[in-house]
Structures are given as C-alpha cells and as structure tokens.
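The values are calculated or read from the model by the stated rules, or taken from the named source; none is laboratory data. Not measured: the values here are computed from a predicted model. Here Cβ is always computed from backbone atoms with ideal geometry, including for glycine, and neighbour counts include all displayed protein chains.
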Amino acid sequence: MVLAALLLSLQSVANAAPPSPPVATETPDFELRYVLDGVSIVGNTRTSERVIRRYVPFAPNEVLDVDDPRVQLTRYRLLGTGFFKEVNLSLQRGNKRGHVVLVVEVVERNTLVLNDLWMGLAASADTNGEQQFISTFAGVDAAETNLFGSGITLGSATAFSKDQWGLSVRFFDPAFSSSRWMLSSEVLFNDGLGFFGNSDVRWEDPRQITEVPRQAVARFKRLGTRIGTGTDLSVSTQLWLDYRIEGVSAIVPAAAAHEYGGQVEPIDFHLLPGRSLLSVLRGSLMFDTRDEPWLTNEGWLARGDVEVAARPLGSDYSFQKVDLQASHWWRLADDHVFKLGGSVGLISGRAPFFEQYYIGDLSDFRPGRVLGLAFDDRPAPNFLRTSIAEIRYGDYAAKINGEYRIPLYRGRRSVYGIDVFATVGVLALASDRDLRRPPPNLHGAQLLPIDLTGGLGFRMDTSMGGFTFSFSNVLGFLATGSEP
C-alpha cells in the first residue's frame, strides 16, 4: 500500500535526522505533515517527466499530509494512464528538518496496445424468432498510447462483416500545449444496416437494399468528427465538453409494416431519408478512484453525460439525452473481487436509431454495437416472457448487474494477470411508443419490458493491453428469442 510505503520511508527520514523529530506539524491524532521541497520522478526512460508531473497534484512548499487521499489516488491515476505497470510513491529527506521530497518511481510498460479485439457470431431471425443463418463479424482497435513519450494517444479501429463496415481514427493529448487542459478528437465512418420489424414484416423497395428479406432494412452511411476538451476538477474528477457533427446518408424502404402485439402497424425507422446533418453538444462529468484500469480490485467509476442536438446547432435531428452510470469494486478474501454496477438513460425528442439505446448493448447474450454498427438483428432472449421481445431500440434504458471475479494467475512479464468472472443482472428497454401504447395482447407484469442477462468468461492484463474473453455470445445462441 502507498500509505505503508510512505510510513516506511518516513521512518528512514526520522532515523537519518537528529534526535528531534523532523515533523513539521504533529497533531494529537498523530497526523504527519511535512513541507514539500519538490517531486522527483524515477524510472521513466521513455515517458517525458512533464507528462508524469501532469498527474501529480502536489507542488513545492505545499504542506503534505501522508494521510491525504490524493496520495493514493495519484498512484491510481498514473496506473490508469496505461503507461506503467508499477507505480510507487515514497518520501525522502528534504533540505532541512520537517521538509521532504516526494519520489514517484515508475516501471514502464509497452504502450503500443490492442484496446479491443472483436470476433463474434451474429444471427438473423425470421418473423417467428427462429434462426435462419449465422454470420461472423470481426474488428480490431489498436493505439499507441504514449507517442514518443509525450503521453499522446493515436489510435484507430475498424470493424466489418459481410454487409457492414466501420472505421475510427482518434487522438488524445492529456496536456494540450503544455496546459492543464486535455484535447480529444475522433473521425468516424460507418457503412451499415439497420434492421426493423417484429413479425409478419412487409416492406417494399425497388432498390433491393439487402438480400435478407425477413426484416425491413435501412442502409445508412455516417461520416463525422468529434472534438472535445476537458480538465481535472480534482485527482479523481474530470469535466469534459465535446462537439460532434456528422453527415448522414440513408436509404429507407418506400413502405414497411409489421405486426406489433397482434396488430399491424407501419414501421418507424427513426431515420431521415436522403442526406441529413447531425450536430450534438455533450457535457460529461467523470469520477474514477479505481486502483487498476483493467483488473480492478477496489474503487469507484462513475460518469454522467448530457447530450443536446438542436436546430440552432444546425442539426436536422432534435433530441436531448442523459446517461448516468456507476460501478463499485470490493476486494474480498483471497483477492476475490465483487463488482456492482448500474446505469440509466433517457432520450427526449426524436433521435436517429443509431443514437437510441440498443438491446445488444444491454444484454450480454446479444452482440453489442461495434463502432456504431449492430451486426445482430435478434430481440432479447426474453427469459421472463415480457414485452421486451418486441423491442430492439428504445428511448429509455436501465441495467443493474453484479460480477464476481476470481484470480487465476499473476505475473510480471508479458502476462500480468488472468481472472475468471461471472455476471448476472436485470435490464429494461422501452420507447415512448412501448409505454404509451403497449402491446394489446399482453397484461399485468408482462407489460414490463425487462429481461435477465449474465455472462461467463475471463480477463487478461498483458503487455499488449487488456482482453476480455466472454462466452455470453455463444450462450446467446442457446437463449434464442421467445414470444411473450
């Protein structure tokens, strides 16, 4: 622990000093406080000292309390950058009694990493919920997270299947122009499909958008850019402001209808045909006290986002979106870990379907969207036999889940750790249409658009990045969609 290391180093300071204690201030509660002469960085061979100091909130002549929670959080924050596999903080004797130097010792790790590696199976279902064919999708997200030791991240990601593909290029500077402000930007391109309809789907379009006629299909292309700036409000809290603008080109069926709750109604594609513009302003507040970014043992991770798309911003779509999410980790006996997480989101207005909440992003049994692309068109497994079987996209979403993790291996070379995990949770998804005019063939608790979710797999922390191998996608083929 950081506190133990500090106390041990303080003991060496005391032993090297004259008999009188070197403490600048000692309270009746035995709090130890020192005047800080400076910060010394040790062990960095590639990372610029300026980059490391960016994450250290202590300045010369400041009174340092060894019980200050910022000491521990500074270590966590440096580990969270992904630049280092070890970070240790200690104190050395300063220029005179009562003065110390804070020593930040780091052990660097490889910063050319694979952030994500997507390989999965996607299924298309007919109007009775039976699987018709299985396709594959794949993708990779790689980045240099510490470009030439500057702390700058330059990364790219791509994902593709037979009929869809996407590309993303991003940039992040944690100390833009040597300031306390962070800069982030991204360019995104999508060439994708949207699948619509529940049962008895009928649609007409002479342009033959796809060879799969079981659902109404919209083809869309998105090309846009995002730029944002952020700053630290404290060691653990960040405030961000982003602006995103996208050009959207869409081809939707000339006519389409489906059966919803036993009644035939037209399909709402939530997409403007032809060319349109999406312009979004977002504010984000993030709180992070995790001890490690990948195999987390303890701490909090919370985030709140507010997005606004409006005509005055030049957007052809007008909506407001609020997302809140939080997770907490507890370290248990034998280094087991329990995590409890939850999220809630709502959209007011009319957002395009790729901005709505998607069942695959909530259910572990369905592949989530990758770079904004949904490769799977199945509804939720519907274990509880509710109206969730009628819903793929919604304006309201909520989820709560627990995860239990057991360590299998710990190392210091190319593989730092391997843990096995199991999760279980409950999710909810609905739109205004589902709440105001629910399926007429359902009653009572069946009207609640909820379902169960869960997963099993293992996580690895390596010199090439962190990886999650989950069997939930495979288990999802056993948990096929069912009628309520």
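Within segment 98-119, the set of residues being crowded, with 16+ Cβ neighbours inside 10 Å and of a type in the set (Val, Ile, Thr) comprises Val100, Val101, Val103, Val104, Val106, Thr111, Val113. Exactly one residue out of Val51, Val104, Val100 is over 30 Å from Arg413 (Cα atoms) and of a type outside the set (Gly, Ala, Ser), and it is Val100. Residues considered: Leu442, Leu427. Of these, the only one that is in contact with a helix residue (DSSP H, G or I) (Cβ under 7 Å, 6 or more places away or on another chain), over 21 Å from Gly197 (Cβ atoms) and either in the same structural domain as Pro367 (by TED's automatic domain parsing) or among the β-branched types (Val, Ile, Thr) (or both) is Leu427.
Restricting attention to segment 379-399, the residues that are in contact with a strand residue (DSSP E or B) (Cβ under 8 Å, 6 or more places away or on another chain), buried (at least 21 other Cβ atoms within 10 Å of the Cβ) and of a type in the set (A, V, I, L, M, F, W, C) total 4.
Rundown of residues vs (1) more than 27 Å from Trp165 (Cβ to Cβ); (2) of a type in the set (Asp, Glu); (3) outside any strand (DSSP E or B), yes/no style:
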residue	(1), (2), (3)
Arg378	no, no, yes
Arg385	yes, no, yes
Ile400	yes, no, no
Gly417	yes, no, no
Phe421	yes, no, no
Asp434	yes, yes, yes
Pro440	yes, no, yes
Thr453	yes, no, no
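Checking the structure you have, find out if any residue of segment 202-216 is of a type in the set (Val, Ile, Thr), in a strand (DSSP E or B) and either within 25 Å of the chain's Cα centre (by Cα) or at pLDDT below 95 (or both). Taking every residue of segment 202-216 in turn, none turns out to be of a type in the set (Val, Ile, Thr), in a strand (DSSP E or B) and either within 25 Å of the chain's Cα centre (by Cα) or at pLDDT below 95 (or both). Counting only residues that are farther than 10 Å from Leu384 by Cα and in contact (Cβ under 8 Å) with a residue 60 or more places away in the chain, segment 439-462 holds 10 of them. Among the residues of segment 217-244, those that are aliphatic (A, V, I, L, M), surrounded by 17 or more Cβ atoms within 10 Å (Cβ to Cβ) and part of a strand (DSSP E or B) comprise Val217, Ala218.
Does segment 312-329 include one or more residues that are among the aliphatic types (A, V, I, L, M), in contact with an Asp or Glu (Cβ under 6 Å, 6 or more places away or on another chain) and surrounded by fewer than 19 Cβ atoms within 10 Å (Cβ to Cβ)? Checked against the condition, which is being among the aliphatic types (A, V, I, L, M), in contact with an Asp or Glu (Cβ under 6 Å, 6 or more places away or on another chain) and surrounded by fewer than 19 Cβ atoms within 10 Å (Cβ to Cβ), segment 312-329 yields no hits at all.
The number of residues in segment 155-181 being farther than 25 Å from Leu78 by Cβ and either without any contact (Cβ under 8 Å) to a residue 24 or more places away in the chain or outside any strand (DSSP E or B) (or both) comes to 7.
Applying the criterion of at least 2 residues that are of a type in the set (Gly, Ala, Ser), assigned by TED's automatic domain parsing to the domain that holds Gly411 and under 30 Å from Leu475 (Cβ atoms) to the strands (runs of 3 or more DSSP E) found wholly in segment 31-127 leaves 112-125.
From the set of residues in segment 276-300 that are assigned to a strand (DSSP E or B) and among the hydrophobic types (A, V, I, L, M, F, W, C), which is surrounded by the fewest Cβ atoms within 10 Å (Cβ to Cβ)?
Of all residues in segment 276-300, those assigned to a strand (DSSP E or B) come to 276-288, 299-300.
So of that shortlist, the ones also among the hydrophobic types (A, V, I, L, M, F, W, C) come out as 277-278, 280-281, 285-287, 300.
Details: Leu277: 16, Leu278: 23, Val280: 22, Leu281: 16, Leu285: 16, Met286: 16, Phe287: 16, Trp300: 14.
Filtering segment 276-300 for residues that are assigned to a strand (DSSP E or B) and among the hydrophobic types (A, V, I, L, M, F, W, C), the one surrounded by the fewest Cβ atoms within 10 Å (Cβ to Cβ) comes out as Trp300.
Residues considered: Asn401, Asn382. Of these, the only one that is of a type in the set (S, T, N, Q) and farther than 30 Å from Arg244 by Cβ is Asn382.
Taking Asp364 and the conditions (1) in a loop (DSSP other than H, G, I, E, B); (2) out of contact with any strand residue (DSSP E or B) (no Cβ under 6 Å at 6 or more places or on another chain), which numbered condition does it fall short on, given that it satisfies the others? Of (1) in a loop (DSSP other than H, G, I, E, B); (2) out of contact with any strand residue (DSSP E or B) (no Cβ under 6 Å at 6 or more places or on another chain), only one is false for Asp364: (2).
If a residue must be of a type outside the set (Val, Ile, Thr) and assigned to a strand (DSSP E or B), how many such residues does segment 251-275 contain? Walk me through it before giving the result.
Within segment 251-275, the first condition is being of a type outside the set (Val, Ile, Thr), and the residues that meet it are 253-263, 265-266, 268-275.
After this cut, where a residue has to be assigned to a strand (DSSP E or B) as well, the list is 255-260, 263, 265-266, 274-275.
So the count comes out to 11.
Restricting attention to segment 373-407, the residues that are under 24 Å from Phe458 (Cβ atoms), of a type outside the set (A, V, I, L, M) and within 21 Å of the chain's Cα centre (by Cα) total 8.
Which of the following residues is at pLDDT below 95 and of a type in the set (Val, Ile, Thr): Val280, Val264?
Details: Val280 fails: at pLDDT below 95.
Val264 is the lone residue from the list that is at pLDDT below 95 and of a type in the set (Val, Ile, Thr).
Looking only at segment 430-453, residues that are in contact with a Phe, Trp or Tyr (Cβ under 8 Å, 6 or more places away or on another chain) and not hydrophobic (A, V, I, L, M, F, W, C) come to 4 in all. Scanning segment 400-432 for residues that are crowded, with 22+ Cβ neighbours inside 10 Å and in contact with a Gly (Cβ under 6 Å, 6 or more places away or on another chain) yields a count of 2. When segment 139-154 is filtered for residues that are part of a strand (DSSP E or B), surrounded by fewer than 20 Cβ atoms within 10 Å (Cβ to Cβ) and touching a residue at least 40 places away in the same chain (Cβ under 8 Å), nothing remains.
State whether one or more residues within segment 159-177 are exposed (fewer than 15 other Cβ atoms within 10 Å of the Cβ) and in the same structural domain as Gly230 (by TED's automatic domain parsing). Within segment 159-177 (the criterion being exposed (fewer than 15 other Cβ atoms within 10 Å of the Cβ) and in the same structural domain as Gly230 (by TED's automatic domain parsing)), the answer is yes, since at least one residue qualifies.
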